[in-house]
2 protein chains.
Amino acid sequence: MGWGDLGVFGEPSKETPNLDQMASEGMLFLDFYTANPLCSPSRAALLTGRLPVRNGFYTTNAHARNAYTPQDIVGGIPDSELLLPELLKKAGYTNKIIGKWHLGHRPQFHPMKHGFDEWFGSPNCHFGPFDNRALPNIPVYRDWEMIGRYYEDFKIDLKTGEANLTQIYLQEALDFISKQQASQQPFFLYWAIDATHAPVYASKRFLGTSQRGLYGDAVREIDDSIGKILKHLQKLGISENTFVFFTSDNGAALISAPKQGGSNGRFLCGKQTTFEGGMREPAIAWWPGHIPAGGVSHQLGNVMDLFTTSLSLAGLQPPSDRQIDGIDLLPAILQGKLIDRPIFYYRGNEMMAVRVGLYKAHYWTWSNSWEEYSKGIDFCPGQNVSGVTTHTQEEHTSLPLLFHLGRDPGEKYPLSFASDEYQRAMEQISVVVRQHKATVVPGEPQLNVCDKAVMNWSPPGCEKLGKCLKQPKSDPKKCIWPH
Amino acid sequence: MGWGDLGVFGEPSKETPNLDQMASEGMLFLDFYTANPLCSPSRAALLTGRLPVRNGFYTTNAHARNAYTPQDIVGGIPDSELLLPELLKKAGYTNKIIGKWHLGHRPQFHPMKHGFDEWFGSPNCHFGPFDNRALPNIPVYRDWEMIGRYYEDFKIDLKTGEANLTQIYLQEALDFISKQQASQQPFFLYWAIDATHAPVYASKRFLGTSQRGLYGDAVREIDDSIGKILKHLQKLGISENTFVFFTSDNGAALISAPKQGGSNGRFLCGKQTTFEGGMREPAIAWWPGHIPAGGVSHQLGNVMDLFTTSLSLAGLQPPSDRQIDGIDLLPAILQGKLIDRPIFYYRGNEMMAVRVGLYKAHYWTWSNSWEEYSKGIDFCPGQNVSGVTTHTQEEHTSLPLLFHLGRDPGEKYPLSFASDEYQRAMEQISVVVRQHKATVVPGEPQLNVCDKAVMNWSPPGCEKLGKCLKQPKSDPKKCIWPH
């Protein structure tokens, strides 16, 4: 989902009444970011509180490339990383992940080896259907073992777009919450559904109900589900004890628009890019009785902050033996403070851009290559800002492209290099960048090596189901990351 | 102002708390349009309830050109047109216009000759300063006579952007409302301020207060003023007796962005064009005790509807001796009904596009000419939709370009001509267009002839002020309308 998919952010069909109400009862973040314009690194950052370049969720196979965890990825979340649920356990929390894990699917990367007590969902995206020869269908796990595969046991009808996955994930969430409330146990629920990712689906009740087509149907189902989760918390009488945060892992995939992709509002480009459309996210904090209703915050926020903020809520400190990028947002949320902090926009291990206050400096610009673009792959459809949405990797490190996001949220008008404003802003930004770079000790890159042998051929539990597939011979190769 | 300038429509700085609150207390229109992508025709349409092609506010000097009422325009609102205040008078209303009239500045076009009882404001935009030789400065009128000129008696500091005009216009509004309330007389106030038009200004208290720069300062001052007007109605105890509608006369002028121009959100292009960015407007109806708070309407609306709706509120019928394009919105506003009606997008006397339901068909496309574009005049900065934002006038009358505005509000993905959906939609649209064209009897075009002699050299009252200027010899010519 993108920033512009919410009614409260100006989606012209205004079809997210529950998220809009969540905002009116809680706090809306206008300047909230993900840590990466792609899913896996963004999710790894959320759960570790650390930039992907630190936690290993990046590639060095080529310069400034986005990478994620497809079925043939060899890497995953390193044991050395401390995940939010591992830490929350120490405060007595029960941790559940529902939906897409995306931090590696080999046995050592299983979410329950990294702090989660329960899992219902899948390790990868719901791509498919596959023939189980060249590629296996993606497994769906309950806890340690798979209980079926997408398209086989969990239907997704690509013709009609019908699938019940969001409903299943919703029921899992409601049941888990009920169970925890009954047992009076504190809980962390990571509701990481994989709608609205392409191929887009919705359940029958939502199909055809949106002005926006199938993508809008999926948004409406998510919106409806979130409304149900919040109401469930209220019904159980634990809403004032439960901090809820809604956000997304990257900008809307404009490449899939309009049928399978959403909106980043007036922001430039989308998923895969380090323009605002790729990384500015919808974000709402909700905690009745604590967060003032209808609050609006310009705090620069990041998914990594949810790590530190959650620890703070649980009375825990973030680890002191490593660099943590997330900050505690509670002063912003509860007292309306504005904490000075930068936002870094990475692609692979390259810092492409940085935001300091209302200024954003691009040190590198790239949408995608001419080669990919000529195949019709366009991350910025209908948008072309000369010298900005470049199809070659353009280095600006000696004279960064500078935008003022207040006057120019769409990144269309770079400031004049000769202006006083440019000089003043860049002086400040240069210090921030220098300080940042001094702290970066890159983790071992996890997204470099691909091997067909590591695909989901025989996940644990496959024997019981008769769903074990033949694993091909190992043949590790450098993964190809075109973007 | 543009659709995207309001917080409630996703402006990322969210700096319009009063308009956002007005929406939360009233009804927000998501699909509301102006009758023309330029000021004068749009305002003439609002006050007559008729398309500019009918009321004469268009040009035939060249094909599909926007035109307005600069100082040298010879034409203006014809006597044969019935304006809203003329009709409201019959129901005992006192009518006041505050701000920009823009329906002609020669004596016969004076607003008080067309139904208004009071006027405070100017006949044209606040362009200037002029030297009073080649061009006179624009007069400001109180009722029948000028009381000064912009830049001379009403300061606008182009260097700092400081001007008190919006404050003056606000005070006029508050005083008029107080007077009417005291005398228990029904009133129609047309608060037609000319901020945020370039050159953009704001009063000292607002200068430098917006994240968005000077343009945002102006928006904030308008927002603040509207809040004060609504509070004034409440304080006087007449809010439940007063219908208030907020809208704009054309899309944000992206050509002036980012310093002097606003935002049309994710809609395509801006002022001067018949893409959504040129004509989709912010719109809020407010009437406590009558309009359900927090309502949202997808009714296709148009500024011309304010004519018919206002008559309906006053218990009057629209004139039956002429074609009226505005509809009564009260069923949509009070009962949540959706009235089936098309929206026509004109440029000059050419119907460029039509919207029926969620479909919009372009019969002609044009942003502006290559010649103008090569001078840096760009109505679609950073946006380029191949075959859509064309720099030659492209005729599509035999096979219109069709967009689905629900799935594709940004008009980026024309439907395939061969699709069933295209065929079905165009069948319906063709009937609407045929019916519409059959009703169009063009008025005498008012915006064809320009003459330096008709400028504001010696407006009534100039003698008292010693501000009469020497009128040059008459030399009528065809006005040049490049866009």
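The values are calculated or read from the model by the stated rules, or taken from the named source; none is laboratory data. Predicted, not measured: the structure shown is a model, and the values here were computed from it. Here the Cβ positions follow ideal geometry from the backbone for every residue, glycine too, while neighbour counts run over all protein chains shown. To get the accessible areas, we keep the full protein, side chains included, count just its heavy atoms, and leave off ligands, DNA and RNA. Shrake-Rupley method; radii C 1.70, N 1.55, O 1.52, S 1.80 Å.
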Starting from 0.36 nm per residue, how many nanometres of slack lie between B:A62 and B:Q428 once their C-alpha separation is accounted for?
128.7 nm
For chain B, give the share of DSSP beta bridges that are antiparallel, in percent and rounded to the nearest 5; count only bridges with both residues there.
65
Rounded to the nearest 500, what is the 222 nm mean residue ellipticity of chain A from helices alone, with -39500 (n - 2.57) per DSSP H run of 4+ residues and division by all residues?
-7000 deg cm²/dmol
Label points for B:S320 built 7 Å along Cα→Cβ; distances to same position in the other copies, nm, shortest first, come to 8.7
Copy-to-copy label separations for A:T439, where each label sits 7 Å from Cα toward Cβ, in nm and ascending
6.4
Excluding residues fewer than 8 places away in the same chain, name every one of the aspartates and glutamates whose C-alpha is closer than 12 Å to that of B:K478.
B:D72, B:D451
Peptide A:70-82, shielding by other chains (average Cβ, 10 Å cutoff):
0
Once you put a point 7 Å from the Cα of A:K228 and another 7 Å from the Cα of B:V441, both along the Cβ direction, what distance in nm separates them?
5.9
About the Cα centre, charge dipole magnitude for chain A (Lys/Arg +1, Asp/Glu -1 at Cβ), debye
560
Given axes a ≥ b ≥ c from the Cα gyration tensor, I'd like to know whether the stretch B:7-339 is rounded (a/c under 1.5), prolate (a/b larger than b/c) or oblate.
rounded
How much accessible area per residue does the stretch A:397-483 have, in Å², with a 1.4 Å probe?
56
I'd like the interface area for chains A and B: accessible area of each alone minus the complex, both sides summed, 1.4 Å probe, protein heavy atoms only. What is it in Å² to the nearest 100?
2900
How would you classify the stretch B:214-345 from its alpha-carbon gyration tensor, with a ≥ b ≥ c the square roots of the eigenvalues: rounded for a/c under 1.5, else prolate if a/b is greater than b/c, otherwise oblate?
oblate
So, with points 7 Å from each Cα along the Cβ direction, the A:K464-A:W370 label distance in nm works out to 5.6
Computed FRET efficiency, Cβ-Cβ of A:R322 and A:K159, R0 41 Å: what is it to the nearest 0.05?
0.30
Straight distance only, please: which lysines reach the Cα of B:K473 with their own Cα at less than 20 Å, same-chain residues fewer than 8 apart left out?
B:K452
Cβ-vector label at 7 Å, A:G227, separations to other copies in nm:
3.0
Could you please report the charge total around B:L469, scoring K, R as +1 and D, E as -1 over all other residues with beta-carbon less than 11 angstrom from its beta-carbon?
+3
With B:K337 itself left out, Lys, Arg at +1 and Asp, Glu at -1 over residues whose Cβ is under 15 Å from its Cβ give -3
Free-by-geometry Cys in chain A, Cβ-Cβ under 4.7 Å as pairing rule, reported as A:C39, A:C125
Heavy atoms only, probe 1.4 Å: what % of the accessible area of the stretch A:7-339 goes to carbon and sulfur, would you let me know?
51
Can you work out the accessible area per residue across the stretch B:143-251, with the rest of the protein chains kept in place, probe 1.4 Å, in square angstrom?
41
Could you check the spin-label model distance between A:K204 and B:M112? Points 7 Å from the Cα along Cα→Cβ, value in nm.
7.1
Nearest-5 percent of antiparallel DSSP beta bridges in the protein assembly as shown?
65
Label point 7 Å beyond Cα of A:K478 along Cβ direction - residues of the stretch A:350-381 with amide nitrogen under 17 Å:
A:350
Report the accessible area of A:M351, computed with a 1.4 Å probe over the heavy atoms of all protein chains in place, in Å² rounded to the nearest 10.
0
Anything losing 40 Å² or more of accessible area from the isolated chain to the full protein assembly: pick those residues out of the stretch A:1-43, probe 1.4 Å, ligands and DNA/RNA ignored.
A:G10, A:P12, A:K14
Just to be sure I understand the interface: list residues from the stretch B:263-307 that lose 50 Å² or more of accessible area between the chain on its own and the complete protein assembly, 1.4 Å probe.
B:R266, B:H298
Check which residues have an amide H placed less than 5 Å from A:I147's amide H, if you skip close sequence neighbours.
A:V140, A:Y141, A:R142
Do any residues of the stretch B:209-251 lose at least 50 Å² of accessible area when the full set of protein chains is present rather than just their chain alone, and if so which, with a 1.4 Å probe?
B:Q211
For chain B, return all DSSP H helices satisfying: extent of Cα atoms along own axis at least 18 Å; mean Kyte-Doolittle hydropathy at least 1.6.
none
Between B:A182 and B:L338, the FRET efficiency computed from the C-beta separation at R0 = 25 Å comes out, to the nearest 0.05, as 0.05
Classify the protein assembly as shown: rounded, prolate or oblate, from the alpha-carbon gyration tensor (a ≥ b ≥ c, eigenvalue square roots; a/c under 1.5 rounded; otherwise prolate if a/b is larger than b/c)?
prolate
Cut-off under 14 Å on the C-alpha distance; same-chain residues fewer than 8 positions from B:K437 excluded. Which aspartates and glutamates are left, in chain and number order?
B:D325, B:E350
For the table B:K90/B:K235; A:K271/B:K412; B:K96/B:K155; A:K100/A:K360; B:K14/B:K259, the rows whose alpha-carbon distance is greater than 25 Å are B:K90/B:K235; A:K100/A:K360
Protein accessible area in the stretch A:347-439, 1.4 Å probe - carbon and sulfur %:
50
Nearest beta-carbon to the A/B symmetry axis - residue in chain A, distance in Å:
A:G10, 1
